[in-house]
Structures are given as structure tokens and as C-alpha cells.
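Here the structure is laid out as C-alpha cells; the discussion comes afterwards.
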Amino acid sequence: MTGNSEGRVVLVTGASSGFGRETAALLAERGWRVYGTSRRPSGCEESRFDLLELDVTSERSVTDCVGELLEREGRVDALVNNAGVVMGGALEETSDDEALALLQVNLLGPARVARAVLPAMRSAGRGRIVNVGSLASMVGLPFQAWYSASKAGLALFSEGLRQEVRAQGVWVSLVEPGDFATEISDHRLSVDKRLDVYAAARERAVAVMAADERSGPAPVVVARMVARALSDRRPRHCYRVGREVPWLTAAMALLPARFTEAAVRRLYRVDG
Ligand SMILES: NC(=O)c1ccc[n+]([C@@H]2O[C@H](COP(=O)([O-])OP(=O)(O)OC[C@H]3O[C@@H](n4cnc5c(N)ncnc54)[C@H](OP(=O)(O)O)[C@@H]3O)[C@@H](O)[C@H]2O)c1
């Protein structure tokens, strides 16, 4: 998908706040016909793009949302799988159900929406899918191990899917942001169980994460990167974006893993 985006149809999941809202608005400004989504579209005041109801954890909701889009437009040129959540807790504090709730949104959700749009993209012989991952896929974050796992899973999922569908004219890219100032910390999923042994380290780590997110750059930077992934003549497999990219990429390439892990533990004040 190259050149003029005028009139092209894009579905952006999770467009009620953060990256999704900025991305949907930017793409609309650039001439795309944009359908953003929210689980509660009636609660959103949005005039820059259309909003459809979507809960990515529900197959029925995904089918209905994509069905409505195709009924209105008859085509879908691009999908931005952006909806996602974070969760803060130690493994021992997190139940299987809580972990599955996170994976449902961050990993199975993007797969479900991709599966729903692929038939239309295949019959058109072209399409773009951009999955919004995270730099947390590069290093396992303490007290966000399930989040890191969901985003590392999404990275490999994107790679596998790309190879399945490129012969059909569909290209899959991954955009991996660092910390940005969105509402994600306010939407953090909670875990019920709390163990005293982890309390101090967890509170310090989660406080650093929330502060880094709140003081991060504006989400429009990520919106521009998503727009680039959608319009690059030769799209990359992965676009990393954020203040952390230079040092993290260098550390991963040059340092033994134990040094990088020690830096992560220091950063999140895990050891005090
Ligand atoms: N902010 C960061 O620093 C950062 C860094 C790296 C990666 N990311 C990733 O970027 C993506 C967007 O995050 P954000 O920071 O923009 O967070 P955000 O401001 O909290 O926005 C999250 C969006 O996801 C939607 N959502 C949540 N659960 C959903 C579900 N079950 N079904 C459908 N939509 C759902 C929300 O919509 P409704 O509640 O209206 O349904 C909301 O629009 C996520 O995948 C996140 O993991 C964020």
C-alpha cells in the first residue's frame, strides 16, 4: 500500500484514548476513512473519526464490528491492532484467570481482529496490518512479566503471520513503543492477591513504570510511526520508537544479558 491514502479504509482498535485516539485522528487528517473502536463508543466524544463498538476479547464483538465496517465501506485496507492493557503484580500474586484476561486483550485480541479482516484483504489482494507491541518485549519487566510475555508473543506472532499472508498481498508490521504519556497507567489491570514479600519491590517498580509513562513523550509520536508503517513503500518488519530505543538496542546488542538485567532492576528499583 503506497502513495495516496485518500479514501483508504482503516480500522484502529482502542481509539478512545492514548495511541489509538492519536493514530485515528492523524490518519483521518491524512485522508484515510477511519473507524476507531471502543468498548463504550457512546461514552466517547469524538468528531474526527467514526467509532464502532468492539471488545477484542469477544469473538462475537469482533465479528459484529468488522461486519459493520464491511457493510458500510465494502472494504478494509488496513488494521491497526492497538487495544491493549498493562497489569502490575508478581507471578505468585497473579492467578491464571488474571493472566488470561491480559493475554485475551494483548495477544488473542489482535489475532481475532486480524482473522476477521483477512478474508476481505485477501480477496482485494492487498492490505496492511500494524500490531502495536512494546519495547517490553525485548526485556522481561519485573512485576510486569505477563505483560512482557504478551508483547513478546505478539512480536513473534506478527513475524509468523507476515510470512503466511505476504503471498496474498497483505503486509504485517510491528510498532514497538517505549514509555509514552497515555492513560495506560490509569487503566492498569489489578491483581487480587497481595503478598507481603513482594509488596515493597512491587510498589517501587510499578511507581517507576507509572511515572515513566506519565512523563513520557506525547503519543502523537507513536501515531506518526504507525502512519509511516501504513504508508512506507517498503514497510519494515518492526518500528521501534521512544526515548529508550538507542540505549536499549545498544545494550541488547553489546552487553551480556546479566548486565542488561541488572540495569533493568536498578531502573525499577527492584532491590531497593
Ligand atoms: N503508553 C505506553 O507507554 C505504551 C508503551 C508501549 C506499548 N503500549 C501499547 O500501546 C497500546 C495502546 O496503549 P495506550 O498507552 O494508548 O493505552 P490507553 O490510553 O489505556 O488506551 C488503551 C485502549 O485500549 C482499549 N481497550 C482496552 N481493553 C480493550 C478490550 N478488551 N477490547 C477493545 N479495546 C480495549 C481502550 O478502549 P475502551 O476502554 O474504550 O474499550 C483504549 O482505547 C497498548 O497495546 C499498549 O500495550 C503502550
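The values are calculated or read from the model by the stated rules, or taken from the named source; none is laboratory data. Because the structure is predicted, anything quoted here is derived from the model rather than measured. Using ideal geometry, Cβ is built from the backbone for each residue, glycine included, and neighbour counts are taken over all protein chains shown.
When R122, R166, R115, R162 are checked against the criterion of being in contact with a His (Cβ under 8 Å, 6 or more places away or on another chain), within 25 Å of V10 (Cα to Cα), assigned to a helix (DSSP H, G or I) and not aliphatic (A, V, I, L, M), R162 stands alone in meeting it. Whether any residue in the range 158-179 is modelled with pLDDT under 95 and out of contact with any Ser or Thr (no Cβ under 9 Å at 6 or more places or on another chain) is what I want to check. No: zero hits. Apart from one condition, A181 fits all of (1) more than 14 Å from the ligand (Cβ to nearest atom); (2) assigned to a loop (DSSP other than H, G, I, E, B); (3) surrounded by fewer than 17 Cβ atoms within 10 Å (Cβ to Cβ); (4) among the hydrophobic types (A, V, I, L, M, F, W, C); the exception is (1). Take the residues in the range 50-98 that are part of a loop (DSSP other than H, G, I, E, B) and away from the ligand (no atom under 15 Å from the Cβ); name whichever of them is farthest from T37 (Cα to Cα). Looking at the filtered set, the residue picked out is A90. Being surrounded by 24 or more Cβ atoms within 10 Å (Cβ to Cβ), within 13 Å of the ligand (Cβ to nearest atom) and under 24 Å from S158 (Cβ atoms) is a property that holds for A15.
Of the candidates S190, S185, S231, the single residue that is within 26 Å of R122 (Cα to Cα), in contact (Cβ under 8 Å) with a residue 40 or more places away in the chain and of a type outside the set (D, E) is S231.
Filtering the range 248-272 to residues that are aliphatic (A, V, I, L, M) and farther than 18 Å from V206 by Cβ leaves L248, A250, A251, M252, A253, L254, L255, A257, A262, A263. Just so you know, in the range 194-230 the residues that are part of a loop (DSSP other than H, G, I, E, B) and among the small types (G, A, S) include one that is surrounded by the most Cβ atoms within 10 Å (Cβ to Cβ), and it is G216.
Taking the condition within 15 Å of the ligand (Cβ to nearest atom), in a helix (DSSP H, G or I) and in contact with a strand residue (DSSP E or B) (Cβ under 6 Å, 6 or more places away or on another chain), does A24 pass? Here the answer is yes, as A24 does meet what is asked. Annotation note: of L161, L195, the sole residue that is touching an Asp or Glu at 6+ places or on another chain (Cβ under 6 Å) and away from the ligand (no atom under 11 Å from the Cβ) is L195.
If the condition is being in a loop (DSSP other than H, G, I, E, B), buried (at least 24 other Cβ atoms within 10 Å of the Cβ) and small (G, A, S), then the range 129-156 contributes G133, S134. The one condition from (1) closer than 18 Å to G109 by Cα; (2) within 18 Å of the chain's Cα centre (by Cα); (3) touching a residue at least 60 places away in the same chain (Cβ under 8 Å) that L26 does not meet is (1). Anything in the range 209-237 that is modelled with pLDDT of 95 or more and closer than 14 Å to A136 by Cα? List them, or say none. Correct list: empty. Among the residues of the range 90-108, some residue qualifies, meaning at least one is in contact with a Gly (Cβ under 9 Å, 6 or more places away or on another chain) and within 12 Å of T13 (Cα to Cα).
Just to be sure before I move on: is L102 at pLDDT 95 or above, in a helix (DSSP H, G or I), crowded, with 21+ Cβ neighbours inside 10 Å and within 16 Å of the ligand (Cβ to nearest atom) in the structure I sent? When the stated conditions are applied, L102 passes them.
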